[in-house]
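Working notes, beginning with the structure itself.
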C-alpha cells in the first residue's frame, strides 16, 4: 500500500492514534468485563481483572508500548480516549471494591477514590517496569502478588 493511501481512511497521524485507542479500548474492556464476571466474589473479581489487564499488555507488547508512551507524556494526542479508558477502569475497580465492602472482604473505611487510583497506578507501574526490563519475565505472574499486596498491604499486624 502506498503511504498516501492510509490518509484515505485517516485524517492524519494523530487520527490513527485516536482510532487505535478507540478500537482497542472496546476490545480490551470487553475482556476485562468478561474476566470480572467469571467470579462470584470481589477478591476473585479483582484478581481476574488484574490478571486480564497484565495478560492483554503481555500478549500485545506493541500496544503496551504505545499506551505507556502516550499516557506518560504531558501533551497527549489521545487525551480524551485516555481519560475515558482511565474512567472505565476506575469505575470497574470501584464496583469491585464497593461489592467487597458489602461482602465484608474489603475494609469499609477505605476512600474508594484513593483505592482505585492506587490499583491503577500500581498495575501501570508493573507494566512499565516489565517493558523497561525488555520483557524478560512473565508479566501475568505479577497478578497474584499485586492483588495480595492490595488486599494485605505492607504492614505487620501485631
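Selection of first residues in region 1-30 that are over 15 Å from residue 63 (Cβ atoms) and of second residues that are at pLDDT 80 or above, restricted to Cβ pairs under 8 Å at least 6 apart or on distinct chains, gives the following pairs, ordered by first then second residue: 6/16; 10/16; 10/19.
The single condition among (1) in a loop (DSSP other than H, G, I, E, B); (2) surrounded by fewer than 16 Cβ atoms within 10 Å (Cβ to Cβ); (3) touching a residue at least 24 places away in the same chain (Cβ under 8 Å) that residue 86 does not satisfy is (1).
For region 64-79, the set of residues classified as over 12 Å from the mean Cα position of the chain (by Cα) and in a helix (DSSP H, G or I) consists of 65, 66, 69, 70, 79, listed by residue number.
Kindly indicate which of 137, 111, 89, 67 is under 30 Å from residue 13 (Cβ atoms) and modelled with pLDDT of 90 or more.
Working: 137 fails: under 30 Å from residue 13 (Cβ atoms); 111 fails: under 30 Å from residue 13 (Cβ atoms); 67 fails: modelled with pLDDT of 90 or more.
Being under 30 Å from residue 13 (Cβ atoms) and modelled with pLDDT of 90 or more holds for just one of 137, 111, 89, 67, which is 89.
Criterion first (under 17 Å from residue 29 (Cα atoms) and surrounded by fewer than 16 Cβ atoms within 10 Å (Cβ to Cβ)) does residue 59 satisfy it?
On the way: under 17 Å from residue 29 (Cα atoms): yes; surrounded by fewer than 16 Cβ atoms within 10 Å (Cβ to Cβ): yes.
Yes.
The values are calculated or read from the model by the stated rules, or taken from the named source; none is laboratory data. The structure presented is a predicted model; accordingly, all values stated were derived computationally and were not measured. Cβ: placed from backbone, ideal geometry, glycine included. Neighbour counts: every protein chain shown.
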